[in-house]
Structures are given as structure tokens and as C-alpha cells.
Amino acid sequence: MTLLAADIAPVEYAVAVDRFLAETELGAGSRRVYRISLAGWAWPLVGRLPPDGRGRRGASPPVVPLALLDDAAAERRLATAVAHRMQHAQARTVHRELSALRSAVVWWQRRQWISADPTAALRPADAPLPMLLAPLTRAQLTGLWATAAGLREQAFWHLLADSGAAADTVLALNADAIDVAGRRARPTSRIRWGQQTGELLGWLLAGRHHGPVFLTDRRAPAGTRPADVCPLTGRGRLSYRRAAELFTESTRPLDPAGRGWLLHQLRRAGQSPEPAAISNGV
């Protein structure tokens, strides 16, 4: 019996990804998301963590033999990567990325390209999620406000602590929704803040009435949605991932464990008068 080229197991993980995506019924947008997610798992399979922040964008994944998925250490390496990713992305993002890998693994197993499933025991939902970590205490907030973080970060952090709103909801705000005098976000008025936060927002906007409230440091890349670009500066809307990274980096010196804090803890800080402080360690 002659095997077709498509039936022969590829040597490289990247080629296996290409074959999976080529034969899976996905739209163009979903295929792109799957490709990015699957590329991100290449680093853990060779015992490395993918770069964070700007270093992750456009980074070339390492060459990975597909056979490493059958290696006894693959599950442990992927588990380490999942725990790391949970510190830098929303839980639903990690679930989506892991789901993409699981789908590909099942597809490869059906073709007998690999025999093991290193994702079988990975359960991000069973791990302590950011929302389960204790809110920041008053003392921790005082230390946070005293850091040398820039105006954008201070305004964003104060707004989260004051309003209790989710970070992605706050990042979606546009300048024309900010009622500085009324200390609220129009039109629902559900997002409100105090005087100090109002002053920070006023300085941050500096007369801007259109575009995202919280902007990136650089101009938005070509193809960015007009709604996510400031018409005055050309800069884009700050992403959740980058905002979370900046917060963790800025708070690492304040955390006795040296890991830094998570935005979820800041959001919940205004919901409890003085919760007991705990470490981010699990």
C-alpha cells in the first residue's frame, strides 16, 4: 500500500500545524488565531518560555520536532507554560490557546503522527485564577500610588480601584465617554471615580475628546480599527495584555514574593475595607 504524502508524519511541529490548519474547517480569522496560539506552544516544548510583552510579537518560534509531544517531559513543560501564561493573560485567553493545542493534538493522534496527549491533564480552570487572589490592602495601594509610574498607568490604576470595573471594560472607554466634572463614564454612569482619579484623567486627556482614553506608546500599526486609534496622535488603544504586563512589572518590587500583583487584585481593592494581605504565590 502506497502512502500519500499527506499521510506521512511530518518531522517538524510547525509543518504539523500547517497541515492541521489546512484541513480544518476554520474561517480565515479563526485560522489566524489558531496559528498564533499554536506557535506560542513551540517554546515550552523545548523547555523554554515564550518572550513576554513586545518581545512576543513577531518573535520566531524555535524549530521543534513533532516527536517531542510524545516525550515524557512534555506535559510538565506545558504545565509550566500554562502557569506562566496565567500570570500574563486573561484566563479565557489561556483557555482558548490551550483549546487550540488540544484540537491539534487530537487531530495528529487520529493520523497516528503522535501517540501521547500531553494536554490531557492540563486544567487551567482548576488552577487558582486571578479573581481568587486577595484585593490589595490600603497599605499596598499607598505604596502603589507612590511609585514612579507614568500618568497613564496611575490614571488607569486609580480608575480600576475607584470604580471596581473590569480592566477590559475600562480599557474600552473612549474620551467622549469621560465626564471629568461629573466623575463618571457616560452614558450608563455605572463607572464612577473620586476626585484624585478625576484629576489624573483630566491631565491624561488634556483636551482630547475622541479616541481611546488609554493609548499605546507608539503609533497604531496599519490595519488597526479606526475606533481603536486616536485621531490626534495616531496611537492605538492600550491592550489588556500590555496593561497587565505593565502592572505586574511595576509592582514586582512591592511584592514580597517578587512576582508582582495582578490587575484583578486592584479592581477588587475598593470592594473590601481592609482584606488580609496574601502573596501571589500558589
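The values are calculated or read from the model by the stated rules, or taken from the named source; none is laboratory data. Since this is a predicted model, take the numbers as computed values, not measurements. Cβ placement follows ideal geometry from the backbone for every residue including glycine, while neighbour counts extend to all protein chains displayed.
Summary of computed values
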{"quantity": "Close pairs (8 angstrom Cβ cut-off, 6 or more residues apart or separate chains): in a loop (DSSP other than H, G, I, E, B) in the stretch 212-237, among the aromatic types (Phe, Trp, Tyr) anywhere", "calculated": "Phe214/Phe156"}
{"quantity": "Within the stretch 184-199, considering residues that are touching a residue at least 12 places away in the same chain (Cβ under 8 Å) and either surrounded by fewer than 20 Cβ atoms within 10 Å (Cβ to Cβ) or over 18 Å from Phe247 (Cβ atoms) (or both), the one farthest from the chain's Cα centre (by Cα)", "calculated": "Gln195"}
{"quantity": "Single match in Ala81, Ala89, Ala67, Ala59 (criterion: more than 26 Å from Arg259 (Cα to Cα) and either assigned to a loop (DSSP other than H, G, I, E, B) or not acidic (Asp, Glu) (or both))", "calculated": "Ala67"}
{"quantity": "Yes/no for Ala181 being assigned to a loop (DSSP other than H, G, I, E, B), more than 23 Å from Ala244 (Cα to Cα) and either among the hydrophobic types (A, V, I, L, M, F, W, C) or not assigned by TED's automatic domain parsing to the domain that holds Leu263 (or both)", "calculated": "yes"}
{"quantity": "Residue match in the stretch 192-200 (condition: in the same structural domain as Leu262 (by TED's automatic domain parsing) and touching a Cys at 6+ places or on another chain (Cβ under 7 Å))", "calculated": "no"}
{"quantity": "Residues of the stretch 227-265 that turn out to be more than 16 Å from the chain's Cα centre (by Cα), buried (at least 20 other Cβ atoms within 10 Å of the Cβ) and not hydroxyl-bearing (Ser, Thr, Tyr), as a count", "calculated": "3"}
{"quantity": "Some residue of the stretch 80-93 being over 14 Å from Pro10 (Cα atoms), at pLDDT 90 or above and not assigned by TED's automatic domain parsing to the domain that holds Trp261", "calculated": "no"}
{"quantity": "Residue match in the stretch 246-255 (condition: assigned to a loop (DSSP other than H, G, I, E, B), over 22 Å from Pro135 (Cβ atoms) and either modelled with pLDDT of 90 or more or of a type outside the set (Gly, Ala, Ser) (or both))", "calculated": "no"}
